[in-house]
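Asks: A single structure is presented below for examination.
The values are calculated or read from the model by the stated rules, or taken from the named source; none is laboratory data. All values reported here derive from a predicted model rather than from experimental measurement. Cβ atoms come from the backbone with ideal geometry, glycine included; neighbour counts cover every protein chain shown.
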Amino acid sequence: MSLILGIDDLHLSYGGIQALRGIHLEVRAGEIVCLIGANGAGKTSCLRAISGLHPVHRGSISFLGRDCTHREAAERVRLGLALCPEGRMILAQQSVEDNLKLGAWTRHGSRAIEQTLQEMFELFPRLLERRHQLAGTLSGGEQQMLAMARALMAKPRLLMLDEPSLGLAPLIVQDIFTKLAWLNKEGMAILLVEQNAHLALEISHRAYVLENGLVTLSGSAQELSGDPRVQEAYLGRT
Amino acid sequence: MLQILLNGLCIGSVYALFAIGYALVFSLLGVINFAHGAVFAVGAYLTWSLSSGTWGGGLWPAYTSSFHLPFWQAALVSALFCALLAMGLEKVAFAPLRKRHAEALQYLVSSLGFGIFLVNLLLLFYGAETKNFDLDILSFVPPLIEWNGLFVRGVQLLILGVSLISLLLILALFRFSMAGKGLRAVAENPQAASLLGIPVPRIMSLTFAFSGALASLAGTLIAAGFSIPGPHFGMLFGLKGLAVIVLGGMGEVSGAIVGGLLLGLMEAAVPADYSGYKEAVGFALLFGVLLLRPEGLLGRPQKEKF
């Protein structure tokens, strides 16, 4: 399958502290790939580097065959790379609908955008109900849906999500993961960072385990779920 | 009473026009652009020169060219020039600091420095004498209209008309256009905005251009209505604009408008015999509002930006 995202020897540091120390990672068309690891292992740093929010020290990022290592974040969105960031970063002071429309900033043609908007309302009916409300008044689960829908408004080729389950009730988390699986079935490639390794491995095709800024294990989600080291450290089985 | 209202709205709407430039930059960067008043002065001088054909007068010898533009066109060219000037200002005094995650105080120094540079450039070129618009430049408006005991200078109507129309357009632009929503997105969370594909550096640049054009328009209107008492009047006006946004609420376009109109009305309410106390009344109002509502009339309580 064709390569969508290729990360090679990625190094990144925060004020002198090495957060990533040479990461290799790939996402191919049609895949869900997840990154699992403990707090501070470098998962979020990795997504921030890929989306262009944080400059890269060394190494390269290629997306759809183009070198993206030093492109502006906005430029990467235009190329089809969307991040649904940690903490959701919804625009609290604008309406739900405006949040969504701003998600389509890089696209042209109001009719096509309107159509995507309707698709998002179908996928997340709660957002249709809340359409004219300020985004800051939404519940946590609704905000997560808004953040996902907003990322999808750009019609990305790769959707990256950072901790979509964080702080949400199990039922809502289940709903969100069902939707991710559905999106993937429709052809969306997904790169998922998730603390809940159970859930993540369940819907993923492949997975990478990050420890202290390095990939220590990688393979198919099935293999990793069966690996005793993963079971012990991330799945809570002994 | 009606006379006061009219005079107040007239000057207040120009304050508002000017202060919007501060508010926009503040909403994006959380800092004050102290060169805004200097851009205002450049706009005033440029319109004066373009419409009268008179250049220089300072160390640069005075020179009268036969080429001159009608007032409208002069104002427009001057606004465009000041838009470019403000974009340059952003590149020189703001963008490098933003890249280094500078503190508010450092922006203050760099923008103030740029402003002082501009003012002294004007001083060098034009000298410190007062410049007046010739009556024939503004001959398209009647000098004085009397209506039911109300005295209105034609220029006042011009100022009021131009600035009120501009204010309405600006409000509509920021409420309803995608560009306005994008700008508000950058103001609320630059990282979130860039993740949506909004080119943050370009939005910064365009915002400066827009506020530069507004400063020039305000400068043109004030100069046409009164005079240009010397290059430093921009910095003084700049302080007044600062009072306006503190009054209305920092970083809010609507706050700048309300604050501007209010300050204008208060100043106009000062009787002519005490006109020396005009500024005092304005700043007393500012103190009063700050005591009761530190975030300004329409402001939201500020959270730390950095």
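Asks: Go through the stretch A:53-88 residue by residue and tally those that are under 20 Å from A:His108 (Cβ atoms) and of a type in the set (A, V, I, L, M, F, W, C).
Replies: Count: 7.
Asks: Taking the criterion of being of a type outside the set (A, V, I, L, M), surrounded by fewer than 18 Cβ atoms within 10 Å (Cβ to Cβ) and either touching a residue at least 24 places away in the same chain (Cβ under 8 Å) or within 30 Å of B:Gly57 (Cα to Cα) (or both), would at least one residue in the stretch B:256-277 satisfy it?
Replies: Scanning the stretch B:256-277 turns up at least one residue that is of a type outside the set (A, V, I, L, M), surrounded by fewer than 18 Cβ atoms within 10 Å (Cβ to Cβ) and either touching a residue at least 24 places away in the same chain (Cβ under 8 Å) or within 30 Å of B:Gly57 (Cα to Cα) (or both).
Asks: Another question, then. Hey, among B:Ala38, B:Ala16, B:Ala23, B:Ala44, which residue is in a helix (DSSP H, G or I) and in contact with a strand residue (DSSP E or B) (Cβ under 8 Å, 6 or more places away or on another chain)?
Replies: B:Ala44
Asks: Any residue that is more than 30 Å from B:Gly127 (Cβ to Cβ) and not in a helix (DSSP H, G or I) - is there at least one of those in the stretch B:217-231?
Replies: no
Asks: Among the residues of the stretch A:93-105, what is the count of those that are in a loop (DSSP other than H, G, I, E, B) and within 7 Å of chain B (Cβ to nearest Cβ)?
Replies: Total meeting the criteria: 3.
Asks: Could you pull out the residue among B:Ser163, B:Ser139, B:Ser194, B:Ser205 that is away from every other protein chain (no Cβ under 14 Å) and at pLDDT 90 or above?
Replies: B:Ser163
Asks: Does A:Thr116 qualify as being within 14 Å of chain B (Cβ to nearest Cβ), in a loop (DSSP other than H, G, I, E, B) and either in contact with a strand residue (DSSP E or B) (Cβ under 7 Å, 6 or more places away or on another chain) or surrounded by fewer than 22 Cβ atoms within 10 Å (Cβ to Cβ) (or both)?
Replies: no
Asks: Could you say whether any residue in the stretch B:227-236 is closer than 27 Å to A:Arg88 by Cβ and either more than 14 Å from every other protein chain (Cβ to nearest Cβ) or modelled with pLDDT under 90 (or both)?
Replies: no
Asks: Quickly run through the stretch A:56-78 and pick out the residues that are more than 8 Å from chain B (Cβ to nearest Cβ), modelled with pLDDT of 90 or more and part of a loop (DSSP other than H, G, I, E, B).
Replies: A:Val56, A:Leu64, A:Gly65, A:Cys68, A:Thr69, A:His70, A:Arg71
Asks: Being within 21 Å of B:Ile198 (Cα to Cα) and of a type in the set (Ser, Thr, Tyr), is that true of even one residue in the stretch A:50-57?
Replies: Yes: one or more hits.
Asks: Collect the residues in the stretch B:241-262 that are out of contact with any helix residue (DSSP H, G or I) (no Cβ under 6 Å at 6 or more places or on another chain), among the hydrophobic types (A, V, I, L, M, F, W, C) and under 19 Å from B:Leu9 (Cβ atoms), keeping them in residue-number order.
Replies: B:Leu262
Asks: Within the set of pairs 6 or more residues apart or between chains, which connect a residue that is of a type in the set (Val, Ile, Thr) inside the stretch B:117-135 to a residue that is buried (at least 16 other Cβ atoms within 10 Å of the Cβ) and outside any loop (DSSP other than H, G, I, E, B) with Cβ atoms less than 7 Å apart?
Replies: Close Cβ pairs (under 7 Å, with a partner that is buried (at least 16 other Cβ atoms within 10 Å of the Cβ) and outside any loop (DSSP other than H, G, I, E, B)) amount to B:Val119/B:Ala38; B:Val119/B:Ala41; B:Val119/B:Gly234; B:Val119/B:Met235; B:Thr130/B:Ile228.
Asks: Moving to a separate point now. Please specify each residue of the stretch A:202-217 satisfying the condition of being among the hydroxyl-bearing types (Ser, Thr, Tyr) and buried (at least 22 other Cβ atoms within 10 Å of the Cβ).
Replies: If the condition is that a residue be among the hydroxyl-bearing types (Ser, Thr, Tyr) and buried (at least 22 other Cβ atoms within 10 Å of the Cβ), then A:Ser204, A:Tyr208 are the ones that fit.
Asks: Which one of B:Val253, B:Val186 is in contact (Cβ under 8 Å) with a residue 40 or more places away in the chain, within 14 Å of chain A (Cβ to nearest Cβ) and within 13 Å of the chain's Cα centre (by Cα)?
Replies: Step by step, each of B:Val253, B:Val186 is checked, and only B:Val253 is in contact (Cβ under 8 Å) with a residue 40 or more places away in the chain, within 14 Å of chain A (Cβ to nearest Cβ) and within 13 Å of the chain's Cα centre (by Cα).
Asks: List the pairs whose first member sits in the stretch A:79-95 and is crowded, with 20+ Cβ neighbours inside 10 Å, whose second member is of a type in the set (Val, Ile, Thr) and in a loop (DSSP other than H, G, I, E, B), and whose Cβ atoms are under 9 Å apart, counting only residues at least 6 apart or on separate chains?
Replies: If the second residue must be of a type in the set (Val, Ile, Thr) and in a loop (DSSP other than H, G, I, E, B), no pairs are left.
Asks: Among the residues of the stretch B:154-186, what is the count of those that are touching a Gly at 6+ places or on another chain (Cβ under 7 Å) and surrounded by 15 or more Cβ atoms within 10 Å (Cβ to Cβ)?
Replies: Residues in the stretch B:154-186 being touching a Gly at 6+ places or on another chain (Cβ under 7 Å) and surrounded by 15 or more Cβ atoms within 10 Å (Cβ to Cβ): 4 in total.
Asks: Out of all the residues in the stretch A:157-170, is one or more at pLDDT below 95, farther than 30 Å from B:Gly182 by Cβ and not small (Gly, Ala, Ser)?
Replies: yes
Asks: Which condition number does B:Leu138 fail, the rest of (1) farther than 20 Å from B:Ala86 by Cβ; (2) surrounded by fewer than 15 Cβ atoms within 10 Å (Cβ to Cβ) being met?
Replies: With (1) farther than 20 Å from B:Ala86 by Cβ; (2) surrounded by fewer than 15 Cβ atoms within 10 Å (Cβ to Cβ) applied to B:Leu138, the lone miss is (2).
Asks: Among (1) aromatic (Phe, Trp, Tyr); (2) crowded, with 24+ Cβ neighbours inside 10 Å; (3) under 16 Å from the mean Cα position of the chain (by Cα), there is one condition B:Phe34 misses while meeting the rest; what is its number?
Replies: Result: B:Phe34 fails condition (2) only.
Asks: Could you count how many residues in the stretch B:70-112 are part of a helix (DSSP H, G or I), out of contact with any Ser or Thr (no Cβ under 7 Å at 6 or more places or on another chain) and without any contact (Cβ under 8 Å) to a residue 40 or more places away in the chain?
Replies: Residues meeting the conditions: 12.
Asks: Quick one: in the stretch A:79-92, of everything that is more than 11 Å from A:Ala154 (Cα to Cα) and either under 14 Å from the mean Cα position of the chain (by Cα) or of a type in the set (Val, Ile, Thr) (or both), which residue is nearest to the other protein chains (Cβ to nearest Cβ)?
Replies: A:Met89
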